[in-house]
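Below: the structure, in structure tokens.
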Protein chains: 2
Amino acid sequence: MNAMSPRLPIERIIKPRSVAIIGASEDEAKFGGRIMHNVVRHGYAGELLPINPNRETVLGRRAYPNIGAAPGPIDLAVVAVPAAQLLQTIEACGAAGVGACVVITAQLGEFDSAGAALQDKVVATAAGYGMRLIGPNCMGMITATHALGLTSSPTLQYADQLRRGPVGFVSQSGALMGALFVHGHDHGVGFTSMISVGNQADLELADFFEALIEDDETNTICLYVEAIKKGRHFVELAQRARARGKRVIAIKAGRTEAGSAMARSHTASMAGSFAAFEAVCRETGILLVDEPEAMIMAAGVLSRSPRMGQGGIGMVVSSGGGGAVTADRITAAGLPLARWTDATRTRLGTHFLRTHQNNPIDLGAHTGALGPHIFKDAIEAVAEDENVAAFLYIMTPQPLMPQTVEAIIGVWRTARKPIIFVLDTSRFGEDVRWRLLDAGMPFVTRIDDAMRVLDLLVRERDQAPATTGAPQRPAGARPLPAAVPAGFLTEPEAKNLFRAYGIATTREQSVRTARDAVVAAETIGFPVVAKGVSRHVVHKSDLGLVRLALADADAVTRAFDDIASALAAAGDAGEPNVVVQEMVRGEAELILGAHYDETFGAQVLVGFGGVMVEVLRDIQVASAPLGPEQAHAMLRRLSLWPVLAGTRGRPPLDVDAGADALTRLSWLAHDLGSRLRDLEINPLIVRAAGRGAVAVDGRGTIGDDR
Amino acid sequence: MNAMSPRLPIERIIKPRSVAIIGASEDEAKFGGRIMHNVVRHGYAGELLPINPNRETVLGRRAYPNIGAAPGPIDLAVVAVPAAQLLQTIEACGAAGVGACVVITAQLGEFDSAGAALQDKVVATAAGYGMRLIGPNCMGMITATHALGLTSSPTLQYADQLRRGPVGFVSQSGALMGALFVHGHDHGVGFTSMISVGNQADLELADFFEALIEDDETNTICLYVEAIKKGRHFVELAQRARARGKRVIAIKAGRTEAGSAMARSHTASMAGSFAAFEAVCRETGILLVDEPEAMIMAAGVLSRSPRMGQGGIGMVVSSGGGGAVTADRITAAGLPLARWTDATRTRLGTHFLRTHQNNPIDLGAHTGALGPHIFKDAIEAVAEDENVAAFLYIMTPQPLMPQTVEAIIGVWRTARKPIIFVLDTSRFGEDVRWRLLDAGMPFVTRIDDAMRVLDLLVRERDQAPATTGAPQRPAGARPLPAAVPAGFLTEPEAKNLFRAYGIATTREQSVRTARDAVVAAETIGFPVVAKGVSRHVVHKSDLGLVRLALADADAVTRAFDDIASALAAAGDAGEPNVVVQEMVRGEAELILGAHYDETFGAQVLVGFGGVMVEVLRDIQVASAPLGPEQAHAMLRRLSLWPVLAGTRGRPPLDVDAGADALTRLSWLAHDLGSRLRDLEINPLIVRAAGRGAVAVDGRGTIGDDR
């Protein structure tokens, strides 16, 4: 059966006009019962079609004996049948003209090879009818804007409402959708749609990501990612989201082998390189976090907050001790605390001694008799301070809680800056929580969450401007000679490629005899370096193939002979292949690399070379190709950046030359495309500012076209 | 009035037999009303004496017109009068023979100079009667074991009980005590006593720390610290707590200037050096954390958990996605995940395919029909695995929650290892929460807290064994010559001190003429280094006073002349003072330092020198004196430790020699005691293993006895 073009656009799948529930029941112990109850309970206004051969009605809705008997057109059918019945059910749905099936059924591709084979058949069958699939192995979806709780998650029985709001969520984990729905519900986070995509056998995360970008009611999109199927498409979507002013917050499994293994068995996803995903997030403005609940808490705040401007964080607290510790954490995390303006000091002066006008303001330290106006004045003074770009209030159990929360709701409604409210009272603050839910004001309940929100706001503010179009090819970076052979590149071969892209390399000469080596050394000028060249050897130094600082002809001759013996020992027959190079000195050694990521394409990396790269793992990764500003930014993000910038007693180095070499390598990597396996310049010796940077050694591996 | 010896021991202050409430009232808007209500509500069984001149009874208890009229002996009186009436109230309490006053009254030492003066008078008055003081500016205390909620915190009105348990808490912040009481209450954390010490005008944190160490019902002690008054005493207490097998978890304000400023105005505390406190915690086994709520959550778990043994973390989760992300976090944090034993694989094999036997186990991935025995079997298999040293369950909304929690309570009761339960369900899991509270089983509600608990368990397990007695003085580290003069030590003077303690320094000679410089260089052997010596100059290199790698007599002569000019320019009259030294080469440069901390005494530090110390701030601090094992441990904790240990292509260095120099410097610092201002060896050049380490430059400042 050939594939037909899909009948239903994605936005209509998220917001269906009619939904059939296969196996609808009134028994909440059954999937079809829980889904039915969830849909009915939350008041879905579209057409609801229970499919059940044994009943006239289900929960008061007319039931149909099979999908073919139900009146069409049917936008969505939910399928939670056992795997053995899945194929015939999909076939029936397709024949009935259903637009898309939400397949809850599990034990398919994520389970075993039989399940994977069945999944393939299911996909083919659906495609033959132009019917789309969500899942299998998914938990359905929740479209709050349509009061549609189309999921078997028991959490919808507990929730008094599907809270509407501007947050959308696409999840490769179904259980996580349920968990975050509850977490959001209790903390006042409102959603447009939450979609669990399961094994992504047909529709994938990116499809719903796109639909949420296009959805006018969604301003903040959360993603739980195990694997991206089409990297380039994902990047374009992220760029589009940014261009539309939508915030994207993501969490990705597979940062480590333990997480990758879990993702593999969870949704049959190959997690792909976390470093490449991280680079893509940085480049497209996606805010990457490390905890699912924290993502939803942050989305709850960000979706109702403007962006943070220039300035610092202004804090007001009800516990001096908690304030002190949080001020420590904020400062230690490199986040900026604001200094009060003189105007603020004057305003604070009404109720606070000069010695108590810290940031944070401890409300307990006021002068005079306690009254709500004191707290209100202090909150307004800090929130309105023009040095304060984000306002943070930490409410521990305190006097005047109702009046205080009204003051904060007031500034949240009027201040054009992020207002972060930490309701740090456990259940003692239940009245305040209800007031906040009622007012629609965002809040978090732990300092950890506030720290993450502040970090995201600052990251968002300080991210590089969106790039418009591809970066420009640097002058003299010649597009790749067509005939780069596949295989391992020796140092001279790799350097030929680097030079073709305008990267400075050592002056050097290949020789076959000791006599020629001496002539070469005299031409280049002493001291020189001699290296054995072999296609069999990756780590030359380990085999004695590198001799440094050869000061005269005798030294060169001896070195040549030693290297020739070492080459023979390494299995190179015939005349020894030796290269004589200038001895380059400089102030710092960088390592530059490139490789091809299956998902996102060519990547470049840079770090400090020698012992530093091994010990500190201080490496930055980015997508190729780079513009010069991006290359500079990669260098600035290195922990050892001050070594390049110059610190006390050390000169600034030639950062421009280092960034230029990195840019050019990125273009070489880009041009190699899927033929790229890896490239490395190690070291690139960087001299003092204005004196350049030189690729001293390098290697690479080129593959065939894939 | 002279001080009398205190009438009441601290343990009786925490557990008083009789309590008078000055200004007791029935009006909860007043301090005396809230305290009265809190004490009555929670059923304090001792004698309660309301003091109120206008009433016969307060809340049904007979009231007395003044403290003198109440029947004695009175253990404790709570004083929340306005500052203007404080002195006369204290006087009256003293005259009435009260054992101790809890002074809630604020605006004293923490407020302004008038307040500080009044505080001094209050302390003197109380001392004259042998009456102890808690506070002022405190929030009272809560002794759950005596059902005594002696605080004005409104949180006690909300709590249905003062939950008893093995956690004690001493806090320099009163509001924090209230906040953490509530937080603990809602999460099942039980307390012996919580004491807020306020300004510590008399009794201080250490007094109550000691009382909790001696209290048989307390096994875990939490401390919120702004400043330690007597460092040595605190260290002894921490050691005693450890010897008694009691866990201590602490949080300290003042890690940054922002936090220190806050502490200053909060309780008039000078926060002291955070690095010194951190070192003391490491050395005494105190577990330092960064967030107050996290401290209480961790205490809740640790107070009901054995220590973690060798092995890894075994995880079971109800959300595969949440599990993948948490596995990533655990691994990225350097925490160990367990590998299942074959026996466990066999047990898991009943319900899980081989490909789904990850760590974590995702319960949703089971084979066959769902049943509670599947979850129970998996939980037991993992908890009983002998490779699993700590068990982690993350419960998101899931099927079979009641049965699952019973299975976990079961393993918690029988497994002799930490069982960490994350109730990650927001309020959806309310029934489970009540079941856990009822069973007395600890739980946390966020992954962040579980991460901290795991980190603390591993830190605790891997900490150095408790030191018994002082370390031994290294051979040849001669006790200090009595007559070290006060002032700035030039390089030769500092090196004389270092040599006296057995630290290897450069061979060198002081000279006054170029001719003598050449003679010295010939004696030492070329190449040499020449340096100008001046008491006026700290950074010699910046003024051109250091000349390296002088290869012959001419070079030495020219260097001498240059240095002589530079010395004259720096203001040194008379004959130039120049030192000629051997030129030492080695593999790594360390910087060693020492200084005197006002609270904890002599401290040593070590880091990599040169650009690394400035850029990476990779520095370790410890209390002096050190034993050799402690010095080695400091080096191992450096990020750049692999450079010393030897990495690929680099030899192992003389770690023993580096540790020995650090040990000897620590003894010098220890012997100087309070005369120490600072000492520095920079660099200590470390050669390859077996070839030693040499102090190449150094300086110091010695003060007068304090």
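The values are calculated or read from the model by the stated rules, or taken from the named source; none is laboratory data. The model shown is predicted, which means the values in this text are computed figures rather than measured ones. Heads up, the Cβs are rebuilt from the backbone with ideal geometry, glycines too, and the neighbour counts pull from every protein chain shown.
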*Among (1) buried (at least 16 other Cβ atoms within 10 Å of the Cβ); (2) more than 27 Å from A:LEU668 (Cβ to Cβ), where does A:ALA568 come up short?*
(1)
_Residue check for A:ALA29: farther than 19 Å from A:ILE142 by Cβ and hydrophobic (A, V, I, L, M, F, W, C)_ = yes
*Only one residue in B:ALA466, B:ALA450, B:ALA494 is of a type outside the set (D, E, K, R), within 14 Å of chain A (Cβ to nearest Cβ) and touching a residue at least 40 places away in the same chain (Cβ under 8 Å). Which one?*
B:ALA450
*Among the residues of region B:344-357 satisfying the criterion of being over 22 Å from A:THR256 (Cα atoms) and exposed (fewer than 14 other Cβ atoms within 10 Å of the Cβ), which is farthest from the other protein chains (Cβ to nearest Cβ)?*
B:THR346
_I need the strands (runs of 3 or more DSSP E) fully contained in region B:657-706, keeping only those with at least 1 residues that are closer than 26 Å to B:VAL528 by Cβ and of a type in the set (Asp, Glu)._
B:676-686
_Which numbered condition B:PRO442 fails, given (1) in a loop (DSSP other than H, G, I, E, B); (2) under 25 Å from B:VAL280 (Cα atoms); (3) touching a Gly at 6+ places or on another chain (Cβ under 9 Å)_ = (2)
*Total residues in region B:434-445, condition within 14 Å of another protein chain (Cβ to nearest Cβ) and more than 14 Å from B:GLY300 (Cα to Cα)*: 1
_Residue selected from region A:326-364 under the condition among the hydrophobic types (A, V, I, L, M, F, W, C) and touching a helix residue (DSSP H, G or I) at 6+ places or on another chain (Cβ under 6 Å), by the criterion nearest to A:GLN403 (Cα to Cα)_ = A:LEU363
*on the phi > 0 side of the Ramachandran plot, of a type outside the set (A, V, I, L, M) and not in a strand (DSSP E or B): does that describe B:GLY649?*
yes
_Criterion: away from chain A (no Cβ under 14 Å) and surrounded by 24 or more Cβ atoms within 10 Å (Cβ to Cβ) - qualifying residue of B:ILE213, B:ILE221, B:ILE195_ = B:ILE221
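Scan the helices (runs of 4 or more DSSP H) fully inside region A:504-621 and keep the ones with 3 or more residues being among the small types (Gly, Ala, Ser) and on the phi < 0 side of the Ramachandran plot.
Answer list for region A:504-621: A:514-524, A:553-569.
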*Search region B:314-343 for residues being surrounded by fewer than 24 Cβ atoms within 10 Å (Cβ to Cβ) and more than 17 Å from B:ILE420 (Cβ to Cβ), and hand back the single one that is farthest from the other protein chains (Cβ to nearest Cβ).*
B:ALA343
*Scanning for something touching a Pro at 6+ places or on another chain (Cβ under 9 Å), part of a helix (DSSP H, G or I), among the hydroxyl-bearing types (Ser, Thr, Tyr) and under 30 Å from A:ALA324 (Cα atoms), does region A:410-417 turn up at least one residue?*
no
*Can you name the residue in region B:272-287 that is β-branched (Val, Ile, Thr) and surrounded by 22 or more Cβ atoms within 10 Å (Cβ to Cβ) and is also farthest from B:ALA241 (Cα to Cα) among such residues?*
B:VAL280
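Which of the residues belonging to region A:299-313 are more than 13 Å from chain B (Cβ to nearest Cβ) and of a type in the set (Gly, Ala, Ser)?
A:ALA299, A:SER303, A:SER305, A:GLY309, A:GLY311
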*Subset of region A:358-403 (residues that are within 39 Å of the chain's Cα centre (by Cα), in a loop (DSSP other than H, G, I, E, B) and facing chain B (nearest Cβ under 9 Å))*: A:ASN358, A:ASN359, A:PRO360, A:THR396, A:PRO397, A:GLN398
*State whether one or more residues within region B:240-251 are modelled with pLDDT under 95 and of a type in the set (Lys, Arg).*
no
_Residue in region A:626-644 that is touching a residue at least 24 places away in the same chain (Cβ under 8 Å), closer than 17 Å to A:VAL280 by Cα and in a strand (DSSP E or B) present_ = no
*Considering only residues that are of a type in the set (A, V, I, L, M, F, W, C) and part of a loop (DSSP other than H, G, I, E, B), look in region A:286-298 and name the one that is nearest to the other protein chains (Cβ to nearest Cβ).*
A:VAL289
*Determine if region B:161-181 includes at least one residue that is facing another protein chain (nearest Cβ under 8 Å), touching a residue at least 40 places away in the same chain (Cβ under 8 Å) and out of contact with any Ser or Thr (no Cβ under 8 Å at 6 or more places or on another chain).*
no
*With (1) assigned to a loop (DSSP other than H, G, I, E, B); (2) free of Cβ contacts under 8 Å to residues at least 60 places away in the same chain; (3) touching a Lys or Arg at 6+ places or on another chain (Cβ under 9 Å) as the list, and A:PRO71 as the residue in question, which single condition is left unmet?*
(3)
*Does A:PHE488 fit the bill of being over 34 Å from the mean Cα position of the chain (by Cα), among the aromatic types (Phe, Trp, Tyr) and surrounded by fewer than 20 Cβ atoms within 10 Å (Cβ to Cβ)?*
no
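Being within 21 Å of B:GLY320 (Cα to Cα), at pLDDT below 95 and within 14 Å of another protein chain (Cβ to nearest Cβ): is that true of A:GLY184 here?
No; evaluated as a whole, the condition is false for this residue.
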*asked:* So, in region B:424-474, exactly how many residues are surrounded by fewer than 14 Cβ atoms within 10 Å (Cβ to Cβ), modelled with pLDDT of 95 or more and of a type in the set (A, V, I, L, M, F, W, C)?
replied: 1
*Can you tell me which residue within region A:299-352, out of those that are of a type in the set (Val, Ile, Thr) and in a helix (DSSP H, G or I), is nearest to the chain's Cα centre (by Cα)?*
A:VAL301
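Would you call A:ALA253 aliphatic (A, V, I, L, M), farther than 30 Å from A:ASN358 by Cβ, without any contact (Cβ under 8 Å) to a residue 24 or more places away in the chain and within 14 Å of chain B (Cβ to nearest Cβ)?
Working: aliphatic (A, V, I, L, M): yes; farther than 30 Å from A:ASN358 by Cβ: yes; without any contact (Cβ under 8 Å) to a residue 24 or more places away in the chain: no; within 14 Å of chain B (Cβ to nearest Cβ): yes.
No, not satisfied.
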